Amino acid sequence: MTPPHLPPLWLRWLAVLPLTVLFAAALGSFSIPGHVLLGALGAGIVVAIRWHAPTVPRPMFGFAQAIIGCLVAASFDIAAVNEVYDHGLLFVAMVLSVFLICAAMGILLARKRILPGTTAIWGTSPGAASIMTIMSGDFGADSRLVALMQYLRVIMVTFAAIGIASLHGHDAALPQSTVVALQPFNWTGFIEAMALCLLGTAVGVFFKWHSGPILFPLIVGSVCKLGLGMDIAVPWWLLLVANLIIG
């Protein structure tokens, strides 16, 4: 039952939504990628500090992750696969270096007793921040600290990438949502994407596979697109909703 001092769930959502629009519009005016996700994250933090952030049901959160997985799968093409194949050693070295550096940081934080062992490991682990946060609780870590570390990393990496790209003369391009909105709606690709999202969400819920909602559509969708010619399409408005829920 909701405590007397805690506003009802609908009122907390009512507070989050306008703050999300405000923060996302401010970040979007600077052409910052993922401005909806970051805006929702900031709005959730503000509401959580004042009251308590509105909770999102696990299936809904999994479906939002599945949408992101479909988006990644839709971006795969033969040219990208060939690029990775031609520079395979470089890609492997970069991924391993990031993993080893993050693991060393987590071990150092745990050994110095700055953070509890499991919290330090999950908080510094590279990967999808939402998945790391969810899985950390099952291994005895403090999910709140893990979420703070993971999403602080997301924010810092985002701004660092923007700064580095700007220094090299790469200005922000037209947002993908704007580009997609100008194109005819792809009903076939949309239905295929929804099927992958529903299957991914079901796999995550029934098999308690926390990373399933995002990995299943990503892996299966990529294979189907490259091998079977499946045309996966994620509408811009659905992507915005997913970013809002995850944030």
Taking first residues from the stretch 114-128 that are more than 8 Å from A141 (Cα to Cα) and second residues anywhere that are acidic (D, E) and buried (at least 16 other Cβ atoms within 10 Å of the Cβ), the pairs with Cβ under 9 Å that are 6 or more apart or on different chains are L115/D142; G123/D142
Pairing a residue in the stretch 7-26 that is modelled with pLDDT under 80 with any residue that is among the hydrophobic types (A, V, I, L, M, F, W, C) and open to solvent by 80 Å² or more (accessible area, probe 1.4 Å), where Cβ atoms lie under 7 Å and the two sit 6 or more apart in sequence or on different chains, gives P7/W51; R12/W51
Given (1) within 29 Å of M194 (Cα to Cα); (2) without any contact (Cβ under 8 Å) to a residue 40 or more places away in the chain; (3) of a type in the set (F, W, Y), F61 misses just (2)
Output for Cβ contacts, cut-off 6 Å, separation at least six or different chains, first residue open to solvent by 50 Å² or more (accessible area, probe 1.4 Å) in the stretch 225-247, second hydroxyl-bearing (S, T, Y) and in a helix (DSSP H, G or I), reads W236/S177
The correct count of residues that are among the β-branched types (V, I, T) and without any contact (Cβ under 8 Å) to a residue 60 or more places away in the chain in the stretch 129-153 is 2
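The values are calculated or read from the model by the stated rules, or taken from the named source; none is laboratory data. What you are looking at is a predicted structure, and each value in this text was computed from that prediction instead of being measured. Here Cβ is always computed from backbone atoms with ideal geometry, including for glycine, and neighbour counts include all displayed protein chains. Surface accessibility is based on the protein's heavy atoms, side chains included, excluding ligands, DNA and RNA. Shrake-Rupley method; radii C 1.70, N 1.55, O 1.52, S 1.80 Å.
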